[in-house]
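The values are calculated or read from the model by the stated rules, or taken from the named source; none is laboratory data. What you see is a predicted model, and the numbers here were worked out from it, not measured in a lab. All Cβ positions, even for glycine, are placed from backbone atoms using ideal geometry, and neighbour counts span all protein chains on display. For accessibility, only protein heavy atoms count, side chains too; no ligands or nucleic acids. Shrake-Rupley method; radii C 1.70, N 1.55, O 1.52, S 1.80 Å.
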Amino acid sequence: AMGKTTLALNFMLEAIKKNKKVAMFSMEMTTKELGQKMLSIMTGIETDRIKLGQCTPTELTDLQNKWQSLISDSLTVNDDGSMDIHKLKSIAKKIKASQGLDMIVVDYLQLLNGTDKAIGGGSREQQVSYLSRSLKALAKDLDIPIICLSQLSRALESREDKRPMSGAIEQDANQVIFVYRDAYYTKAENDNITEVIVSKNRSGRCGSAKLEFNGSKSTFTEYRESYDSMV
């Protein structure tokens, strides 16, 4: 509930704006739900109002115009809740061959099915590790980035400092980005600050940055105080 899917959707839309072709495999949310979130990001209209049909005529026109850009061949969404890694690889390779593909988003790793036949299934930890390695191999094979979302262990809830820490599956990733909102724990209504923590980066520096999160509009925006201090 930190906003990992929302952040990934923002990444996707930025790529589409740059005429990149993106495929999203969502085992958690339906295509309709993702579409509503993306339209909210693009228009600034609250997601709930889009869902309930409470938009003004002007807003409806804006939604229709923005929707046209989403239904082009720039975005492919697959919301098969029982997706397995072998089917995902097959679909991705077909998209790459038929219309080109520049980026894949997987939401999220623990809902993706598939086991390593060499170990006959194994533990869940071994299965997740196999899925992680398979996605890394697919990224290298297709020569494109794959953004793979993941849930973290609930064990962090017992720590005083609840900022996320690296775990076993990150060994396959080139970059690891954590999303942390302190307000999730403090229940502070006016605290929209989100920390985006780069804990691993094979091709650059690690560190953290602050963004402002607006859950009603599914958006992350630049943290104003940070921006003012930079200026």
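At-a-glance table
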read-out: Every residue from the stretch 41-65 that is part of a loop (DSSP other than H, G, I, E, B), open to solvent by less than 40 Å² (accessible area, probe 1.4 Å) and either without any contact (Cβ under 8 Å) to a residue 12 or more places away in the chain or in contact with a strand residue (DSSP E or B) (Cβ under 6 Å, 6 or more places away or on another chain) (or both); value: 55
read-out: Residue 53, sole failed condition from (1) modelled with pLDDT of 95 or more; (2) more than 16 Å from residue 105 (Cα to Cα); value: (1)
read-out: Qualifying position, being in contact with a Lys or Arg (Cβ under 6 Å, 6 or more places away or on another chain) and closer than 16 Å to residue 211 by Cβ, among 42, 2; value: 2
read-out: Options 29, 24, 38: the member that is part of a helix (DSSP H, G or I) and either open to solvent by less than 90 Å² (accessible area, probe 1.4 Å) or in contact (Cβ under 8 Å) with a residue 12 or more places away in the chain (or both); value: 38
read-out: Residue, most open to solvent (accessible area, probe 1.4 Å), within the stretch 66-105, restricted to residues that are farther than 26 Å from residue 43 by Cβ and of a type in the set (Val, Ile, Thr); value: 91
read-out: Selected residue (criterion: modelled with the lowest pLDDT) from residues of the stretch 193-226 that are surrounded by fewer than 17 Cβ atoms within 10 Å (Cβ to Cβ) and part of a helix (DSSP H, G or I); value: 226
